[in-house]
Amino acid sequence: MAELVFGPALDPADHDGVLRWLERSGVTREDSAAILESDLTRLFVYRDLIRGTLWEAMDVSMPRVVARLGDVFEEYFDRFLLERGTRTHYLRDATPELLDFCEPLWKDDPRVPAYMMQLARHEYVQIEVGAMQAGSPDQEPAELDLEAPLAFVEAVRLMRYDWALHELPEDPNDETIPVERPTALFVYRNPEHEVRYLELTPLAAAILERALAGEALGHAITSACQTQGVALDDAVLSGTAKLLSDLAQRGALLGARPGKDA
């Protein structure tokens, strides 16, 4: 059935073509004859249903990319289904499968703007984070410990882009070109189950990137300052404390990660 759904379209009136497909699919002669004598349109309704569901999933998860690329996106959608096909049981995971397939191809396609893959990832991260576990509205963050890693809720991601994609209008019909500017966003789902975005400074992004990777807080701060060429002074410590307090108030930070003996 995969070839029927993902492969080139078959003509129900082309019995020879349908028969060849049935033979490739391992259907016996007797069963093939019975299928050819039946109403073949039912098979193609199934094809249209599956492909339509996948298309709708793409359109819902990244509407601006679908609208901006138009026929070019449809071309890559068909090519993805034909050459690879989705392998996930979860509809929301079909989008990153398509993006992983398209990423090396879009780089060499002059019809696809350079920012488009990052915009696609940016649009999809809302679906990804929105499906993750958020914090409880009444949770109380634990104390911080410079010697311990930080604990975040599941529903967080740190995204880096070469364009300020979060400043684009949400309207799929808008064609504004994003400003080219290195951008780091902390994406999280708050206790009210809303996906939110917080733009970070380069230093804040470097600290949180290390903290999310499991580094102890003190080491994350020190290492980030070194790579960013920033002196570790009272201003940095004060700014980091304010950032972490803000993330805790937003319901994204749980405090210090409990030790093995906790």
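The values are calculated or read from the model by the stated rules, or taken from the named source; none is laboratory data. Because the structure is a prediction, the values reported are computed rather than measured. FYI the Cβ positions are ideal-geometry reconstructions off the backbone, even for glycines, and counts take in every protein chain you see.
Tabulated results
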| item | result |
| --- | --- |
| Selection within the stretch 80-109 - among the basic types (K, R) and free of Cβ contacts under 8 Å to residues at least 24 places away in the same chain | R84, R87, K107 |
| Given (1) surrounded by 20 or more Cβ atoms within 10 Å (Cβ to Cβ); (2) assigned to a helix (DSSP H, G or I), index of the condition L243 fails | (1) |
| Unique residue being surrounded by fewer than 19 Cβ atoms within 10 Å (Cβ to Cβ) and touching a residue at least 40 places away in the same chain (Cβ under 8 Å) when the list is L208, L168, L217, L212 | L212 |
| Index of the failed condition, G26 passing every other in (1) at pLDDT below 95; (2) out of contact with any helix residue (DSSP H, G or I) (no Cβ under 7 Å at 6 or more places or on another chain); (3) surrounded by fewer than 15 Cβ atoms within 10 Å (Cβ to Cβ); (4) part of a helix (DSSP H, G or I) | (4) |
| All positions within the stretch 94-108 that are under 25 Å from P169 (Cα atoms), surrounded by 12 or more Cβ atoms within 10 Å (Cβ to Cβ) and charged (D, E, K, R) | E103 |
| Any hit, the stretch 139-153, residues being aromatic (F, W, Y) and not assigned by TED's automatic domain parsing to the domain that holds F186 | no |
| Breaking point among (1) in the same structural domain as S238 (by TED's automatic domain parsing); (2) in contact (Cβ under 8 Å) with a residue 60 or more places away in the chain; (3) surrounded by 15 or more Cβ atoms within 10 Å (Cβ to Cβ), for E123 | (1) |
| Residue match in the stretch 130-148 (condition: touching a residue at least 40 places away in the same chain (Cβ under 8 Å), of a type outside the set (S, T, N, Q) and more than 28 Å from L208 (Cβ to Cβ)) | no |
| Residues of the stretch 61-76 satisfying the condition of being assigned to a helix (DSSP H, G or I) and touching a residue at least 60 places away in the same chain (Cβ under 8 Å) | S61, P63, R64, V66, A67, R68 |
| Any hit, the stretch 163-174, residues being closer than 13 Å to L253 by Cα and of a type outside the set (A, V, I, L, M, F, W, C) | no |
| Output for the stretch 80-98, where each listed residue is in a helix (DSSP H, G or I) and either under 12 Å from L54 (Cβ atoms) or of a type outside the set (D, E) (or both) | F80, L81, L82, L91, R92, D93, A94, T95, P96, E97, L98 |
| Hits in the stretch 190-245 - residues which are among the acidic types (D, E) and within 25 Å of Q139 (Cα to Cα) | E192, E194, E199, E209, E215 |
| Check on F101, in a helix (DSSP H, G or I), closer than 26 Å to P178 by Cβ, modelled with pLDDT of 85 or more and in contact with a Lys or Arg (Cβ under 7 Å, 6 or more places away or on another chain) | yes |
| Which numbered condition E123 misses (of (1) outside any strand (DSSP E or B); (2) within 19 Å of L254 (Cβ to Cβ); (3) touching a helix residue (DSSP H, G or I) at 6+ places or on another chain (Cβ under 8 Å)) | (2) |
